[in-house]
């Protein structure tokens, strides 16, 4: 007898279940996508014991006729593609035809469904992939799928599940993600004792953000909108039929971006707050994450990340979603074009808005400052160079933990994993590493613990207070210095505090980049060459940077096997500062083996600007302060220094009046 044999359908389905269904949240994801593809406008999810005991999803979609309902549990049975050509223009969330048979093979499943044109519905009961009952059933149009005892026949898989609270947190994040992607639809998530999420339909994404994250987060976000044309040569035409939902794909060749991005003052310690939707599909794409990171380069510290919600719409033929069993990864046909489009759109929005950091908000957004204020101790001198996060004592007090199952979800002692926004979790060591740097609540999903029952808000309430910006920097009048390190200035908007070092750093940084583009970099000859000793590996790295260093005003040549002789340097650098700049640039480049020329140029410019800028504890006369504020107002992005530290804090006139109880 031969060694090769064909697997049974049941075993094949269980193998597929291992690829598609690895935890309860995966089940919810597949069923949610089917509901959205069916045109559902109202989706309710009920879970018990973190999805181990029960998962029920009910929708008001188009439903299925009896024959279609039975076919849906056959492997690779789908209504969403018809030929191999359709794989090139997928416009639906699901298409593989593996979800339902895979889920049914590892659970006890009951499905009731009814198409609108049918007089009665159908009920199907399956256990472990075997059909137990098929009968008529009376119900409204739509579909309800109820799962119990997930992985009851695969105990090894069941052992890999985490605690009930962790699994529930994954489901919560998943439903929240889809609610953000589809603000026009109704989503609700329930446990036996709590309504975890309730998001009624709203007209605009901003209103959905208000529902889920609250007004405080919305106030720190900037809207972004852009569009461009793509090259459509060689692409097939989309099929004449469309998916059943109300999603309409963009016109051929049209690339559109809309969404929200945070001001530089709102920072996170990880990328979990970056929500990216491609044709209403939540994706985890390295290309887009890199584009977002590049948009904030020299605006945020290297260890901090922004809060971003981006909705990218493009023709289905421009993106391949058939590269991962769970459909969470995609591949773009024109990767470079899309990367640069996203990066430039976000960057231009930040430059045009020139957001200003509010004095009180800036303190709340820095965990070191918040902890110090709460403890009644001064903030460490180096706190500004840390990694601030958007933690606020006010918001922490407002989100007091309720009793019951939801309280257990957000209790650190019961959580062996921290929730990530993409539906995956941080391991216990990763969680412990983050917990020492910020309050535990920051590691949780950005979801209010209260019941989300609010409907919508008016445009007036969204814009009742103008967004603070740095457009009026040119009107500042300096009053003096605070400890010879911060400039105090006023204008019609209120009181401003400007960090003189980082302000001058931003001025020099942009000046150096302009001079580099025109190749008119100023340099100064040294009376005696400055000798700098390096390690052998640093000498090798210097060889790759030599040309760019020369273009930035350096004149450096080897002076022995491990020594460099600096004969000329950019204007403003001398002595130890000159040596520090050279070694700093070499060490940073050695840490990253693949660095683009543009990144290298900005890195060198940032290092030169930092060491050549006005220092703290340096007295400035009135004329010098006026000159610095005037030059700062001329910069393209006066929000932060090249290393991400804020430049100016505004104490608004209205806030001053409130503090003195004038209003």
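What are the residues in the range 574-617 that are within 28 Å of residue 483 (Cα to Cα), free of Cβ contacts under 8 Å to residues at least 40 places away in the same chain and touching a helix residue (DSSP H, G or I) at 6+ places or on another chain (Cβ under 8 Å), if any?
Scanning the range 574-617 gives 577, 580, 581, 607, 611.
So, residue 82, is that one out of contact with any helix residue (DSSP H, G or I) (no Cβ under 7 Å at 6 or more places or on another chain) and at pLDDT below 65 or not? So that I can check it myself, show each step before the final result.
Numbers: out of contact with any helix residue (DSSP H, G or I) (no Cβ under 7 Å at 6 or more places or on another chain): yes; at pLDDT below 65: yes.
It is true that residue 82 is out of contact with any helix residue (DSSP H, G or I) (no Cβ under 7 Å at 6 or more places or on another chain) and at pLDDT below 65.
Return yes when residue 202 is crowded, with 20+ Cβ neighbours inside 10 Å, closer than 19 Å to residue 53 by Cβ and under 34 Å from the mean Cα position of the chain (by Cα) and no when it is not. It would help to see each step written out before you state the result.
Values: crowded, with 20+ Cβ neighbours inside 10 Å: yes; closer than 19 Å to residue 53 by Cβ: no; under 34 Å from the mean Cα position of the chain (by Cα): yes.
For residue 202, the condition - crowded, with 20+ Cβ neighbours inside 10 Å, closer than 19 Å to residue 53 by Cβ and under 34 Å from the mean Cα position of the chain (by Cα) - is not met.
Within the range 504-516, is even one residue touching a strand residue (DSSP E or B) at 6+ places or on another chain (Cβ under 7 Å) and either crowded, with 20+ Cβ neighbours inside 10 Å or at pLDDT 90 or above (or both)?
Checked the range 504-516: no residue is touching a strand residue (DSSP E or B) at 6+ places or on another chain (Cβ under 7 Å) and either crowded, with 20+ Cβ neighbours inside 10 Å or at pLDDT 90 or above (or both).
Would you pick out the residues in the range 245-276 that are at pLDDT below 85, within 16 Å of residue 182 (Cβ to Cβ) and buried (at least 21 other Cβ atoms within 10 Å of the Cβ)?
245
I want to confirm something. Restricting to the range 484-501 and keeping residues that are under 15 Å from residue 624 (Cα atoms) and touching a residue at least 24 places away in the same chain (Cβ under 8 Å), which single residue is surrounded by the fewest Cβ atoms within 10 Å (Cβ to Cβ)?
Within the range 484-501, the first condition is being under 15 Å from residue 624 (Cα atoms), and the residues that meet it are 484-489, 498-501.
Right, trim to touching a residue at least 24 places away in the same chain (Cβ under 8 Å) and you get 484-485, 487, 489, 498-501.
Details: 484: 14, 485: 16, 487: 25, 489: 20, 498: 27, 499: 22, 500: 26, 501: 20.
Only one residue fits best here, namely 484.
Looking at the range 564-663, what helices (runs of 4 or more DSSP H) fall wholly within it and have at least 2 residues that are exposed (fewer than 13 other Cβ atoms within 10 Å of the Cβ) and in the same structural domain as residue 533 (by TED's automatic domain parsing)?
So the answer is 575-591, 597-612, 622-634.
Given the criterion in a helix (DSSP H, G or I), touching a helix residue (DSSP H, G or I) at 6+ places or on another chain (Cβ under 6 Å) and either under 30 Å from residue 356 (Cβ atoms) or free of Cβ contacts under 8 Å to residues at least 24 places away in the same chain (or both), identify the matching residue among 505, 541.
Details: 541 fails: either under 30 Å from residue 356 (Cβ atoms) or free of Cβ contacts under 8 Å to residues at least 24 places away in the same chain (or both).
Within the list 505, 541, the selection yields 505.
Considering only the range 277-291, state which residues are crowded, with 20+ Cβ neighbours inside 10 Å and within 20 Å of residue 348 (Cβ to Cβ).
288, 291 - these are the residues of the range 277-291 that are crowded, with 20+ Cβ neighbours inside 10 Å and within 20 Å of residue 348 (Cβ to Cβ).
Each row is one residue, and each column tells you yes or no for (1) at pLDDT 55 or above; (2) surrounded by fewer than 19 Cβ atoms within 10 Å (Cβ to Cβ); (3) over 20 Å from the mean Cα position of the chain (by Cα); (4) within 29 Å of residue 257 (Cα to Cα).
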| position | (1), (2), (3), (4) |
| --- | --- |
| 337 | yes, yes, yes, yes |
| 340 | yes, yes, no, yes |
| 346 | yes, no, no, yes |
| 351 | yes, yes, no, yes |
| 355 | yes, no, no, yes |
| 365 | no, no, no, yes |
| 369 | no, no, yes, no |
| 377 | no, yes, yes, no |
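Go through the range 41-75 and report how many residues are assigned to a loop (DSSP other than H, G, I, E, B) and over 30 Å from the mean Cα position of the chain (by Cα).
Filtering the range 41-75 for residues assigned to a loop (DSSP other than H, G, I, E, B) gives 41, 52-53, 60-65, 72-75.
From the residues that got through so far, the ones that are over 30 Å from the mean Cα position of the chain (by Cα) too are 53, 60-65, 72-75.
Number satisfying all stated conditions: 11.
From 54, 71, 93, 88, which residue is assigned by TED's automatic domain parsing to the domain that holds residue 146, under 20 Å from residue 330 (Cβ atoms) and either modelled with pLDDT of 90 or more or surrounded by fewer than 21 Cβ atoms within 10 Å (Cβ to Cβ) (or both)? Don't jump to the end; show me each part of the working.
Details: 54 fails: under 20 Å from residue 330 (Cβ atoms); 71 fails: under 20 Å from residue 330 (Cβ atoms); 93 fails: either modelled with pLDDT of 90 or more or surrounded by fewer than 21 Cβ atoms within 10 Å (Cβ to Cβ) (or both).
Criteria check complete, one pass: 88.
Please determine whether any residue of the range 529-542 is crowded, with 18+ Cβ neighbours inside 10 Å, under 30 Å from residue 647 (Cβ atoms) and in the same structural domain as residue 633 (by TED's automatic domain parsing).
Scanning the range 529-542 turns up no residue that is crowded, with 18+ Cβ neighbours inside 10 Å, under 30 Å from residue 647 (Cβ atoms) and in the same structural domain as residue 633 (by TED's automatic domain parsing).
Can you give me the ranges of the strands (runs of 3 or more DSSP E) entirely in the range 115-171 with at least 2 residues that are surrounded by 18 or more Cβ atoms within 10 Å (Cβ to Cβ)?
Working: elements: 121-127, 130-137, 142-148.
So the answer is 121-127, 142-148.
Scan the range 294-311 and give yes if some residue there is more than 25 Å from residue 27 (Cβ to Cβ) and assigned to a helix (DSSP H, G or I), otherwise no.
Here is the first cut: in the range 294-311, the residues more than 25 Å from residue 27 (Cβ to Cβ) are 294-311.
Imposing the further condition that a residue be assigned to a helix (DSSP H, G or I) reduces the set to 294-295.
Yes, that holds for at least one residue.
Can you tell me which residue within the range 544-558, out of those that are surrounded by 18 or more Cβ atoms within 10 Å (Cβ to Cβ) and assigned to a helix (DSSP H, G or I), is modelled with the highest pLDDT?
At the first step, the residues of the range 544-558 found to be surrounded by 18 or more Cβ atoms within 10 Å (Cβ to Cβ) are 545, 549, 552-554, 556.
This time we only want the ones that are assigned to a helix (DSSP H, G or I), so: 545, 549.
On the way: 545: 85, 549: 88.
Filtering the range 544-558 for residues that are surrounded by 18 or more Cβ atoms within 10 Å (Cβ to Cβ) and assigned to a helix (DSSP H, G or I), the one modelled with the highest pLDDT comes out as 549.
Please go through (1) under 22 Å from residue 23 (Cβ atoms); (2) touching a residue at least 12 places away in the same chain (Cβ under 8 Å) for residue 125 and return the number of the only condition it doesn't satisfy.
Exception for residue 125: condition (1).
The values are calculated or read from the model by the stated rules, or taken from the named source; none is laboratory data. What you see is a predicted model; the values in this text were computed from it and never measured. Heads up, the Cβs are rebuilt from the backbone with ideal geometry, glycines too, and the neighbour counts pull from every protein chain shown.
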